[in-house]
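A.B. asks: Take this structure, written in structure tokens, and hold onto it; I'll ask about it next.
The values are calculated or read from the model by the stated rules, or taken from the named source; none is laboratory data. What you see is a predicted model, and the numbers here were worked out from it, not measured in a lab. Don't worry about glycine lacking a Cβ; one is built from the backbone with ideal geometry, like all the others, and counts go over all protein chains shown.
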Amino acid sequence: MGLSRCTLRLLLDEARREPFSGSVVVLGKQDVWFTEQTLRSCAAAAGVALRDVPLTLSPKPGPAREGYLSDDSMLKALGFTDYFALDVSDYEAADIMHNLNSATIPAELEGRFDVVIDGGTLEHVFHLPNAMSALGRMVHSEGRVIHASPSSNHIDHGFYMFSPTFFWDYYGANRFELPAVRIVRYPQRHWDRPWDVYEYVPGALDMVSFGGLDGGLFMVWCVARKTADSTTGVIPEQRGYVRVWEHGGALGLNAAVPRDQSGVRALAGTLARRTLSPAQLDRLFRASQLYSMRPRITLRKRHFGLRHIGRY
């Protein structure tokens, strides 16, 4: 589990949108892979004022030799006043011992935190419904849960690799707000190279869902904000299939499907403008199945209207 320069930039984007304060709990102690100079330069570029707190080096000898920061001091510099680490094991001296596979959480964790940061833990927890419920219950109303979770090309890194629709559909079904859902692409030697960040649009990736991505590593960045109406126990159905179930009968099986790539891209362009009708969604969904075995289409070429936010 670790926080890279790109993760820092994404945290700063969120801090600029809604400043951090109060208490933060991280799932597992986080290795920080950047220095104080990088923290200060990125914060200045993002227009985020850092708190004047002592910045300490990582407790691990290797990262400390590189000048990499400790996660607690870095997060306090971003605005938090109280820091806690939660883990199932005490091997890194976590502040809170809890197994996210459990169906319950200790009463003292209910609504305790302003922000939960999952910097690469969820994929290692087998019981996802229990884990997701726990994270939502640990933040108070208006609190935030932040995920940096592996997607494509992380085979055997954990139990799971996540599609953005997992977070979109779960949090949507449980009435959380989603101020930021991003797709991040990075190379295998990723610590010293830029990462490409894209805004996620539901349905826009249907055409690359069967082998259409390139050889890069992909991550999902998700910020979910709890509201007074939020729940944690609703199990979602996948958005794409719900739309097909709702509208497929009315559209019929013979609705026109684009017969070439330009027709599919035209539909995707409409999706990017967020005006896709149920009929167009159904056509795009079925067209994606026709073209799933066509030559690879990469996110870096900005297909399907995914807005390229930047290279971090």
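A.B. asks: Would you please list the contacts, defined by Cβ atoms under 8 Å and residues six or more apart or on different chains, that run from a residue in the stretch 14-28 that is within 23 Å of residue 131 (Cβ to Cβ) to a residue that is in a loop (DSSP other than H, G, I, E, B) and of a type in the set (Ser, Thr, Tyr)?
C.D. replies: 22/81; 23/81; 27/121; 28/121
A.B. asks: Going by the conditions given, is residue 64 within 24 Å of the chain's Cα centre (by Cα), surrounded by 12 or more Cβ atoms within 10 Å (Cβ to Cβ) and either small (Gly, Ala, Ser) or farther than 27 Å from residue 227 by Cβ (or both)?
C.D. replies: Taking the combined requirement at face value, the residue does not satisfy it.
A.B. asks: Further, regarding this structure: Would you mind finding the one in 143, 136, 111 that is over 20 Å from residue 3 (Cα atoms), modelled with pLDDT of 95 or more and in a strand (DSSP E or B)? It would help to see each step written out before you state the result.
C.D. replies: Working: 136 fails: in a strand (DSSP E or B); 111 fails: in a strand (DSSP E or B).
Just a single option satisfies the conditions, and that option is 143.
A.B. asks: Which number in (1) surrounded by 22 or more Cβ atoms within 10 Å (Cβ to Cβ); (2) assigned to a loop (DSSP other than H, G, I, E, B) marks the one condition that residue 24 misses?
C.D. replies: Single failed check for residue 24: (2).
A.B. asks: If you don't mind, there's one more thing I want to ask. With the requirement that a residue be under 11 Å from residue 137 (Cβ atoms) and either touching a residue at least 12 places away in the same chain (Cβ under 8 Å) or in contact with an Asp or Glu (Cβ under 6 Å, 6 or more places away or on another chain) (or both), what does the stretch 101-117 give you?
C.D. replies: To start, the set of residues in the stretch 101-117 that are under 11 Å from residue 137 (Cβ atoms) comprises 104-107, 109-113, 116.
Of everything in the stretch 101-117, those that are under 11 Å from residue 137 (Cβ atoms) and either touching a residue at least 12 places away in the same chain (Cβ under 8 Å) or in contact with an Asp or Glu (Cβ under 6 Å, 6 or more places away or on another chain) (or both) turn out to be 105, 109, 110, 111, 112, 113, 116.
A.B. asks: Can I ask one more? For the stretch 196-231: of the residues being of a type in the set (D, E, K, R) and assigned to a loop (DSSP other than H, G, I, E, B), which is nearest to residue 153 (Cα to Cα)? Give the steps one after another, and end with the answer.
C.D. replies: In the first step, residues of the stretch 196-231 are kept if they are of a type in the set (D, E, K, R); the result is 196, 199, 206, 214, 225-226, 229.
Within this subset, residues satisfying the condition of being assigned to a loop (DSSP other than H, G, I, E, B) are 214, 226, 229.
Values: 214: 9, 226: 30, 229: 36 Å.
Out of the qualifying residues, it is 214.
A.B. asks: Please work out which one of (1) over 28 Å from residue 194 (Cβ atoms); (2) part of a loop (DSSP other than H, G, I, E, B); (3) of a type in the set (A, V, I, L, M) is the condition residue 85 fails and give its number.
C.D. replies: For residue 85, the failing item is (2).
A.B. asks: Could you check, for the stretch 59-77, whether at least one of its residues is under 20 Å from residue 222 (Cα atoms) and in a loop (DSSP other than H, G, I, E, B)?
C.D. replies: No.
Listed here are the residues, each with its yes/no results for (1) touching a His at 6+ places or on another chain (Cβ under 8 Å); (2) modelled with pLDDT of 95 or more; (3) of a type outside the set (A, V, I, L, M, F, W, C).
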site: 158; (1), (2), (3): yes, yes, yes
site: 186; (1), (2), (3): no, no, yes
site: 216; (1), (2), (3): no, no, yes
site: 220; (1), (2), (3): yes, yes, no
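A.B. asks: While we're here: Whether any residue in the stretch 39-55 is closer than 20 Å to residue 28 by Cβ and either in contact with a Ser or Thr (Cβ under 9 Å, 6 or more places away or on another chain) or assigned to a strand (DSSP E or B) (or both) is what I want to check. Give the derivation first.
C.D. replies: Filtering the stretch 39-55 for residues closer than 20 Å to residue 28 by Cβ gives none.
No, the conditions are met nowhere in the stretch 39-55.
A.B. asks: Right, another one. What do you reckon, is residue 193 in contact with a Pro (Cβ under 6 Å, 6 or more places away or on another chain) and in a loop (DSSP other than H, G, I, E, B)?
C.D. replies: Details: in contact with a Pro (Cβ under 6 Å, 6 or more places away or on another chain): yes; in a loop (DSSP other than H, G, I, E, B): yes.
Judged against the criteria, residue 193 is a match.
A.B. asks: If I filter the stretch 97-132 down to residues being of a type outside the set (A, V, I, L, M, F, W, C) and under 16 Å from residue 23 (Cβ atoms), which single residue comes out as surrounded by the fewest Cβ atoms within 10 Å (Cβ to Cβ)? Outline the logic, then answer.
C.D. replies: Within the stretch 97-132, the subset of a type outside the set (A, V, I, L, M, F, W, C) is 98-99, 101-102, 104, 106, 108, 110-112, 114, 118-121, 123-124, 127, 129-130.
Still in the list and also under 16 Å from residue 23 (Cβ atoms): 98, 106, 108, 110-112, 114, 118.
On the way: 98: 18, 106: 12, 108: 7, 110: 11, 111: 11, 112: 20, 114: 19, 118: 23.
Only one residue fits best here, namely 108.
A.B. asks: Please determine whether any residue of the stretch 1-17 is over 24 Å from residue 185 (Cα atoms), out of contact with any helix residue (DSSP H, G or I) (no Cβ under 8 Å at 6 or more places or on another chain) and surrounded by fewer than 13 Cβ atoms within 10 Å (Cβ to Cβ).
C.D. replies: So far as the stretch 1-17 goes, no, none of its residues is over 24 Å from residue 185 (Cα atoms), out of contact with any helix residue (DSSP H, G or I) (no Cβ under 8 Å at 6 or more places or on another chain) and surrounded by fewer than 13 Cβ atoms within 10 Å (Cβ to Cβ).
A.B. asks: Could we say that residue 79 is modelled with pLDDT of 95 or more, within 24 Å of the chain's Cα centre (by Cα), over 21 Å from residue 121 (Cβ atoms) and crowded, with 18+ Cβ neighbours inside 10 Å here? Spell out the reasoning first.
C.D. replies: Details: modelled with pLDDT of 95 or more: yes; within 24 Å of the chain's Cα centre (by Cα): yes; over 21 Å from residue 121 (Cβ atoms): yes; crowded, with 18+ Cβ neighbours inside 10 Å: yes.
Judged against the criteria, residue 79 is a match.
A.B. asks: Let me ask something additional. Is it the case that the stretch 56-69 has a residue that's under 24 Å from residue 185 (Cβ atoms), in contact with a Lys or Arg (Cβ under 7 Å, 6 or more places away or on another chain), aromatic (Phe, Trp, Tyr) and in contact (Cβ under 8 Å) with a residue 24 or more places away in the chain? Spell out the reasoning first.
C.D. replies: Filtering the stretch 56-69 for residues under 24 Å from residue 185 (Cβ atoms) gives 68.
Next, from what is left, pick out any that are in contact with a Lys or Arg (Cβ under 7 Å, 6 or more places away or on another chain): none.
No: the stretch 56-69 contains no residue that is under 24 Å from residue 185 (Cβ atoms), in contact with a Lys or Arg (Cβ under 7 Å, 6 or more places away or on another chain), aromatic (Phe, Trp, Tyr) and in contact (Cβ under 8 Å) with a residue 24 or more places away in the chain.
A.B. asks: Within the stretch 123-150, work out how many residues are more than 20 Å from residue 179 (Cα to Cα) and not aromatic (Phe, Trp, Tyr).
C.D. replies: Pass one, the stretch 123-150, residues more than 20 Å from residue 179 (Cα to Cα): 123-131, 134.
Right, trim to not aromatic (Phe, Trp, Tyr) and you get 123-125, 127-131, 134.
So the answer is 9.
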